[in-house]
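The values are calculated or read from the model by the stated rules, or taken from the named source; none is laboratory data. What you see is a predicted model; the values in this text were computed from it and never measured. Note that each Cβ is placed from the backbone with ideal geometry, even for glycine, and that neighbours are counted across all protein chains shown. What goes into the accessible areas is simple: the full protein's heavy atoms, side chains included, and nothing from ligands, DNA or RNA. Shrake-Rupley method; radii C 1.70, N 1.55, O 1.52, S 1.80 Å.
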Amino acid sequence: MHCYSPCILRFAGCCFEPLYFQRSVVCVPYGWGGKCCIPVEMLWLGLVLGLFGLSWLPALFAFATGRFSLLENLLGALLMGLLAGAGIYYARKQGRCLLKGLSLHREECWPLLALLPLLFIGGYLFSTHILQPKDGSLYVGQTTYGDLAMHLGFISSMARQGTFPPEYSIFPGHGVNYPFLCETSSASMAVLGADLRSAYLIPALYAYMLVLLGVYCLMRQWLKRPWRAVLGCWLFFLGGGFGFAYFLDRLNGSSTLSALLGDTGFATNLSWLLDGYYKTPTNLPEIGLRWVNPIVDMLVPQRATLFGWVFLFPCLYLLHDWAFCRRKESLPGLILLAAGLPLLHTHSFLALGILSGVYCLMELCSGFDKKRFLGWALYGGIVILLAAPQLFGFAFRQAGESGMVRLHLNWANEVDGYLWFYIKNMGWMFLLLLPGLLLLSRRDRRIMAGPLVLWGIGELVVFQPNVYDNNKLLFVWFFYLCGLTAKLLGYLFHRWNRYIASHSTKEERQSLLALLHGLCLLLTCLYALTGFLGDTPLNFRQSGLLTVCLGLLLSAFEMVKSLFMGDNDKKKIINDKAKPLAERWITISACRSDQVNVEMKSPTVGKLTYALWKELKNRDKVNNYEFIRRIRKFVNRNTGSRSQ
């Protein structure tokens, strides 16, 4: 891991800085001086690229030599250093900023702070469920009891035996048909002398952090506003359905769930969940609960899913940039990451392929463009060419041996009706799917077309022996469902704020806010009081409760924002002669191409930014700070708004 660390960020800056200078919305606040302010997306993609190199580069040499040893890892580190050096030379030759005086935008900080609780939850679960040493033995959690043994066998097969591709340690001579490149980062650490627990945990925690950033960055690219992206992240990682109702045994004090399942050995549902062997409240087929928590049941125990999501979300991010923003700069990175995905996580590669195919067909049906068609053909052709050896050499061979691919209707539902199964498992987010598709924009419906097709395929076709494992595809659809829900809630909050602001005074809004806060406090007190006075404690599904609490907090935040960020009788007009605008803030897009004239609502602003860039390009000062300083100066002199 340490061999690659010095190269990751600089190589990232070289590769992704040109892309983001051309396509990002520059939001440089006052007082930043000459610092190089870059978006968090660039750092995230760079870190992803570093882990991609750590997973693939030693494997390339190991494929050539048939061994996985220190030599192959050193050759991989050398190649990474050469690529980084070439990127740095090219970037400096172009006069670009290479992370000098590196800092994030201030508005990037609070969303990252909102993700810290999720990071702490995952870190705690990884550290307590993976090879916990105690009294001279190693302990694991129930969720990792089965999968962990297999992954440790793959790691030891490469690191201790030097076998590559790895073999099943309990079945020598039989090659692995599993996407095993998720293990190479840990095997590299073990080769360099790390103990087995550290070699497993350090790359896993690093990958988990990248998954959190990936979900946030993709949400923000789609939903635009940071608070909506944070809401979408929390819904994805902690959102629950209505299954918690099975754990409410308050009416008569009986263990209703235990009686329903024919297990009467526990006094209450809570004791049944905590003390029963492999009794998770989100995976009980007997009562139709199958939608698990992604952190506990997908990322912690399933290492291939963890590493697959690390690279799936960047691929989707770049795919959106290519398909909906028509930016060709995203295509090389998309091709690179997508081509290496099959041996990291085959289900993620399949999901990406389905979404790419749907978006390509939608674009071709809406109007044929030769350049765009060639771009799609280049993307699909190169990825298929590079992925074919991985698929035919490993994934398809396993599918052929076990006859995995087959038709199956309604995923893992065994006891409920079709719609009720999803309503019970996904709750109010599933109920908001149709309103979201009807109320939101045409662009949102186009984005949701791919996930809806993916959901349909996951409902009809099984791609592995265990039907339940189709949730690896359905979770990608669920991600988009959470994003659609977050955007719909944001749309409704915005309309509600506008209505309240136009039909009430500031004093009335403050009174309404105080009333709502008092009502929430009263309900919370009554809820806690009934828990203390009842015969048995109230048992609930915590993820569902967190979803409700999050919704209340965000609604309160929106009300506060409408009160204190609206018209508060303190107008600060920079230029008294300027014509006042309807918006308090004006956003300037920093682009170098005429594409901005299509994307922005006001072509005049787009032409302004393009003209400024052409002027600065012929001078010595060519950097983000000077560019945005000129724009802010123009806005301050000629409008009554503030530049953002």
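Residue by residue, here is whether (1) closer than 23 Å to LEU344 by Cβ; (2) open to solvent by 40 Å² or more (accessible area, probe 1.4 Å); (3) at pLDDT 90 or above; (4) charged (D, E, K, R) holds:
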position	(1), (2), (3), (4)
CYS37	no, no, no, no
SER55	yes, no, yes, no
ALA84	yes, no, no, no
ILE88	no, no, no, no
GLY95	no, yes, no, no
LEU104	no, yes, no, no
PRO111	no, no, no, no
PHE120	no, yes, yes, no
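Yes/no per residue for (1) among the hydroxyl-bearing types (Ser, Thr, Tyr); (2) closer than 18 Å to GLN221 by Cβ:
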site	(1), (2)
ARG445	no, yes
GLU459	no, no
VAL467	no, no
ASN470	no, no
PHE475	no, no
LEU484	no, yes
TYR491	yes, yes
TRP496	no, no
Can you work out which of the residues in segment 130-144 that are within 26 Å of the chain's Cα centre (by Cα) and not β-branched (Val, Ile, Thr) is most open to solvent (accessible area, probe 1.4 Å)?
GLN142
Taking segment 413-452 and keeping residues out of contact with any Leu (no Cβ under 8 Å at 6 or more places or on another chain) and either surrounded by 20 or more Cβ atoms within 10 Å (Cβ to Cβ) or within 22 Å of SER366 (Cβ to Cβ) (or both) leaves PHE421, TYR422, GLY427, LEU438, SER441, ARG442, ARG443, ARG446, ILE447, ALA449, LEU452
Qualifying positions in segment 158-207 - under 28 Å from GLY136 (Cα atoms), open to solvent by less than 10 Å² (accessible area, probe 1.4 Å) and assigned to a helix (DSSP H, G or I)
MET158, GLU183, THR184, SER185, SER186, ALA187, SER188, ALA190, ALA199, TYR200, PRO203, ALA204
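When you look at TYR246, is it at pLDDT 90 or above, outside any loop (DSSP other than H, G, I, E, B) and buried (at least 18 other Cβ atoms within 10 Å of the Cβ), yes or no?
Values: at pLDDT 90 or above: no; outside any loop (DSSP other than H, G, I, E, B): yes; buried (at least 18 other Cβ atoms within 10 Å of the Cβ): yes.
In short, no.
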Just one listed residue, out of GLU459, GLU414, is among the acidic types (Asp, Glu) and under 30 Å from ALA339 (Cβ atoms), and it is GLU459
Would a scan of segment 454-461 turn up a residue that is of a type in the set (D, E, K, R), closer than 20 Å to GLY427 by Cβ and assigned to a helix (DSSP H, G or I)?
yes
